[in-house]
Amino acid sequence: MPFKKAYLEPSIINRAYGCGLSGLKLKEVLAKHLLTPAIGLNAIYEMARTFLNKDGVQIGVALFKILWELDPSYQLSPEMLYDQEIIKLRIGAAVLPFLDELNLAATKQEVWRIASGNFDEKASNSITSREAEIRENHPKFALNYIKEVNETLKSNPSERLPTFEKVYSDLGDQLPGLIYKLLEDKLSIYEAHEIYHRIDSFPAIRTTLRSNVYLNAICIIHQHVPGKDKIDDYRHIIEASYCDIFVTDDAQLSRTIPRINPDLQVLSGNQFFQ
């Protein structure tokens, strides 16, 4: 029986550390499930945040040692996946969802460098800058959307708060336009319509579309800004678009995945480590 590719969300690496498992032992657990490991670039970023707390340096080094020994395939970032799927649309080229040889070598070198305790000021500044950008832009967008939705509800007082599925269904003809906005400057509105009508052929774009609608549904239903952690969670699901199984120790994320990417099989931490 062929092995399937399993995307390991960072909570699994954290649990392995908590259980005292090395990367080699984690490989053995994967092999028992007939799985090969895959990690997203966003996972590296999340684990590197541990170094921002001086008390977390030892934990950060341990996490990256696990990652180094695990030696997973590294999935492309969402932006890289979009570019490949657009090329697929235009010329029919196959999507290669993992890092090429040159970028893989550079990523492995960086993982080894951090596993050796070399987390410099440049790396720290890169992470804090990204954190600030997310804090600045995400709440503004969400709050503006809530305001817009409230105006709509006032004009239609009989309208009940919908589920995610109803929000997605009701958007209908607006979804190609949303794809166009999400991939601004990458494709034409005509191509956005073509992608929408063949959406299952473009898993990364489909997952991105559904995750954005899901975030909007949270705004509508709960009337508050979704937490920044949701953005990280959904980036993982997008990076896992070309994997078979998503392994996570996050119960809420496990429940969300089928809505955002119905093709991904979910394996909980308890199932994985049993």
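Of all residues in segment 50-73, which are over 11 Å from Phe119 (Cβ atoms) and of a type in the set (S, T, N, Q)?
Asn53, Gln58, Ser73
When you go through (1) modelled with pLDDT under 95; (2) in contact with a strand residue (DSSP E or B) (Cβ under 8 Å, 6 or more places away or on another chain) one by one for Thr36, which number turns out not to apply?
Of everything listed in (1) modelled with pLDDT under 95; (2) in contact with a strand residue (DSSP E or B) (Cβ under 8 Å, 6 or more places away or on another chain), Thr36 misses just condition (1).
Just a yes or no: is a residue in segment 220-238 modelled with pLDDT under 95 and closer than 16 Å to Val95 by Cβ?
Scanning segment 220-238 turns up at least one residue that is modelled with pLDDT under 95 and closer than 16 Å to Val95 by Cβ.
Yes or no: segment 20-29 includes at least one residue that is touching a residue at least 40 places away in the same chain (Cβ under 8 Å), over 16 Å from Ser241 (Cβ atoms), in contact with a Ser or Thr (Cβ under 9 Å, 6 or more places away or on another chain) and of a type in the set (A, V, I, L, M).
Checked segment 20-29: no residue is touching a residue at least 40 places away in the same chain (Cβ under 8 Å), over 16 Å from Ser241 (Cβ atoms), in contact with a Ser or Thr (Cβ under 9 Å, 6 or more places away or on another chain) and of a type in the set (A, V, I, L, M).
Which ones in segment 27-48 are loosely packed, with under 13 Cβ neighbours inside 10 Å and part of a helix (DSSP H, G or I)?
Glu28, Ala31, Lys32
Just for helices (runs of 4 or more DSSP H) wholly inside segment 164-274: which have at least 3 residues that are open to solvent by less than 40 Å² (accessible area, probe 1.4 Å) and of a type in the set (S, T, N, Q)?
Hits in segment 164-274: 203-222.
Are any of the residues in segment 246-258 acidic (Asp, Glu) and under 24 Å from Val29 (Cβ atoms)?
yes
The values are calculated or read from the model by the stated rules, or taken from the named source; none is laboratory data. Nothing here was measured: the structure is a model prediction, and the numbers come from that model. We place every Cβ from the backbone using ideal geometry, glycine too, and count neighbours over all the protein chains shown. Keep in mind that these areas ignore ligands, DNA and RNA; they rest on the heavy atoms of the full protein, side chains included. Shrake-Rupley method; radii C 1.70, N 1.55, O 1.52, S 1.80 Å.
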